[in-house]
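S.K.: Got a structure for you, questions after.
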Amino acid sequence: MSERFCYRCGISESEGGPLIEGLCQVCFRKENPVLLIDGEINTELCQNCGSYKKRGVWVDPHTYELDELVFEVAENALLEVIGDSLDERVREFGIISPEELEEIEELSAGRAVIAFQPVDWHIEYFPAIITYEIRVKARLHELQYELHDEVKYVTVYVRQTVCPRCSRFLGGYFEAILQVRAEDRPLTEEERKVIGKLVEEKVDEIMRKDRMGFIQDTIEKEEGLDFYMGSTSSARKLAQAIKEKFGGTISEAYELVGLDRQTSREVYRTSVSIRIPKFQKGDIVADKRGNVYEVERVDGKGLSLRNLSTRESEHRDWKTVKREGIDTVESEKSEAMVTSITPTEIQLMDMKTYETYELEKPDMDLREGEIYRIVEVRGRKYLLDRKE
Ligand SMILES: [Zn+2]
Ligand SMILES: [Zn+2]
């Protein structure tokens, strides 16, 4: 068999081979660089919220410490460009530290390892400029004796911009209004506080996935709260969270607010309403059979009630509350002292009028001389509890 020679430098295969695609070992590496990267990369971050584009999608940063943030944004851009700049024969690559890379002497064909480190930077003002040294080791071909070992320098320019979310937020944009109300009454101060806190926590959670889920504005109204939301789905999720805690009903309405000038499509604004039940702890309610209860607890599942005749605690889910016609009733509260107790009856004296009256002895510990809270519903008196 006749000797073959490298077509680029002329060295014989016995000296510089084995030849790969007609090239000696050295010329193969020179002619087939692994990292085909430009010396400059431009990227940007939002000056308002620190977010930046990852594979074309705006994401929130891991850190808000400005120095670290600039490096986070620069390295994200650098890694994306590196990933796109590798020779197509690299099927798999890993990012490792420069020290680890130094030690690597063997790689299977199609594998590369990459290390990078900043070698020069100024980040005190924008554009921030960071120069990275990138070193790559790789094996592109089975017949390669020595690994590719390339060093490149790349400068990343980090500029400031305003992300689409912030530009909408700063422009006063909102897509939906979340209205929080109570049935037949205004929201109480306590409810406003609890709902405000719940909404804040929930929005933080929503914003991790829905960047437009922000609260543009919160309006305190006499009857309740209005939240101006960046996205309809965020408004819906908040309504659901409030319903889970308080119960109630959710409804939606749409209002035509204009035409999109570009698409000439109609633009609607959604109002999501959550109406929490009117019941509150301490309310006196009755069902349609005439049983009278004191409300002990209200939550997303239903009502905890104390039956004032049997003194038993009972739970009704919201469906049952509706089916049994449970509703608030007119009631009059008073206080009375127990003046005598028989096995079946007690005698009481009203603390205001000094009138005395008898009640069937309720199933509870009572002592003569103590004062109790009384409630009268539909002409019948019930003993609530001992006055504190
Ligand atoms: Zn050669
Ligand atoms: Zn932003």
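The values are calculated or read from the model by the stated rules, or taken from the named source; none is laboratory data. None of these values were measured; they are calculated from a predicted model. Positions of Cβ are generated from backbone atoms using ideal geometry, with glycine treated the same way; all protein chains shown enter the neighbour counts. Note: areas computed on protein heavy atoms with side chains; ligands, DNA, RNA excluded. Shrake-Rupley method; radii C 1.70, N 1.55, O 1.52, S 1.80 Å.
S.K.: Which of the residues spanning region 150-177 are over 20 Å from Tyr228 (Cβ atoms), among the hydrophobic types (A, V, I, L, M, F, W, C) and away from ligand 2 (no atom under 16 Å from the Cβ)?
M.R.: Val151, Val154, Val156
S.K.: Then there's this: Which of the residues belonging to region 43-59 are within 15 Å of ligand 2 (Cβ to nearest atom) and either at pLDDT below 90 or within 20 Å of Ile95 (Cα to Cα) (or both)?
M.R.: If the condition is that a residue be within 15 Å of ligand 2 (Cβ to nearest atom) and either at pLDDT below 90 or within 20 Å of Ile95 (Cα to Cα) (or both), then Asn48, Cys49, Lys54 are the ones that fit.
S.K.: Out of everything in region 35-62 that is in contact with a helix residue (DSSP H, G or I) (Cβ under 9 Å, 6 or more places away or on another chain) and on the phi > 0 side of the Ramachandran plot, what residue ends up being surrounded by the fewest Cβ atoms within 10 Å (Cβ to Cβ)?
M.R.: By that ranking, first place goes to Arg55.
S.K.: If Glu68 meets every condition in (1) touching a residue at least 40 places away in the same chain (Cβ under 8 Å); (2) open to solvent by 40 Å² or more (accessible area, probe 1.4 Å); (3) in contact with a Pro (Cβ under 9 Å, 6 or more places away or on another chain) apart from one, which number is that one?
M.R.: The one condition Glu68 does not meet is (1).
S.K.: Going through region 168-197 one residue at a time, which ones are hydrophobic (A, V, I, L, M, F, W, C) and open to solvent by 40 Å² or more (accessible area, probe 1.4 Å)?
M.R.: Scanning region 168-197 gives Phe169, Leu170, Phe174, Val194.
S.K.: So, restricting to strands (runs of 3 or more DSSP E) that lie completely within region 320-388, which ones have at least 2 residues that are touching a Leu at 6+ places or on another chain (Cβ under 6 Å) and surrounded by fewer than 16 Cβ atoms within 10 Å (Cβ to Cβ)?
M.R.: Answer list for region 320-388: none.
S.K.: Let me ask something else. Could you please find all residues in region 104-153 being surrounded by fewer than 18 Cβ atoms within 10 Å (Cβ to Cβ), of a type in the set (A, V, I, L, M) and part of a strand (DSSP E or B)?
M.R.: Val119, Ile129, Val151, listed by residue number.
S.K.: Hey, another quick one. State whether the residues of region 11-25 include one that is within 16 Å of ligand 2 (Cβ to nearest atom) and either part of a strand (DSSP E or B) or under 30 Å from Thr161 (Cβ atoms) (or both).
M.R.: No; the residues of region 11-25 include none that is within 16 Å of ligand 2 (Cβ to nearest atom) and either part of a strand (DSSP E or B) or under 30 Å from Thr161 (Cβ atoms) (or both).
S.K.: Continuing with this model, one more query. On the given criteria, is Tyr7 part of a loop (DSSP other than H, G, I, E, B), open to solvent by 90 Å² or more (accessible area, probe 1.4 Å) and within 10 Å of ligand 1 (Cβ to nearest atom)?
M.R.: Yes; evaluated as a whole, the condition is true for this residue.
S.K.: Output the number of the condition that Ala239 fails; it satisfies all remaining conditions of (1) open to solvent by 60 Å² or more (accessible area, probe 1.4 Å); (2) among the small types (Gly, Ala, Ser); (3) at pLDDT 95 or above.
M.R.: Condition (1) is where Ala239 drops out.
S.K.: Are any residues in region 257-298 in a loop (DSSP other than H, G, I, E, B), surrounded by 14 or more Cβ atoms within 10 Å (Cβ to Cβ) and in contact (Cβ under 8 Å) with a residue 24 or more places away in the chain, and if so, which ones?
M.R.: Hits for region 257-298 are Pro277, Lys278, Phe279, Gln280, Asp283, Asp287.
S.K.: Quick check on Glu244: is it assigned to a helix (DSSP H, G or I) and more than 11 Å from Ala176 (Cβ to Cβ)?
M.R.: yes
S.K.: On the basis of being outside the structural domain of Leu147 (by TED's automatic domain parsing) and assigned to a helix (DSSP H, G or I), does Val81 make the cut?
M.R.: Numbers: outside the structural domain of Leu147 (by TED's automatic domain parsing): no; assigned to a helix (DSSP H, G or I): yes.
So Val81 fails the test.
S.K.: Among the residues of region 202-209, is any within 16 Å of ligand 2 (Cβ to nearest atom), open to solvent by 60 Å² or more (accessible area, probe 1.4 Å), outside any helix (DSSP H, G or I) and not assigned by TED's automatic domain parsing to the domain that holds Met229?
M.R.: No, region 202-209 contains no residue that is within 16 Å of ligand 2 (Cβ to nearest atom), open to solvent by 60 Å² or more (accessible area, probe 1.4 Å), outside any helix (DSSP H, G or I) and not assigned by TED's automatic domain parsing to the domain that holds Met229.
S.K.: Kindly establish whether Phe28 is within 16 Å of ligand 1 (Cβ to nearest atom), surrounded by 18 or more Cβ atoms within 10 Å (Cβ to Cβ) and of a type in the set (Phe, Trp, Tyr).
M.R.: Criteria met by Phe28.
S.K.: Does Ser304 qualify as being within 43 Å of the chain's Cα centre (by Cα), assigned to a strand (DSSP E or B) and surrounded by 14 or more Cβ atoms within 10 Å (Cβ to Cβ)? Steps first, answer last, please.
M.R.: Working: within 43 Å of the chain's Cα centre (by Cα): yes; assigned to a strand (DSSP E or B): yes; surrounded by 14 or more Cβ atoms within 10 Å (Cβ to Cβ): yes.
Spelling it out, Ser304 is indeed within 43 Å of the chain's Cα centre (by Cα), assigned to a strand (DSSP E or B) and surrounded by 14 or more Cβ atoms within 10 Å (Cβ to Cβ).
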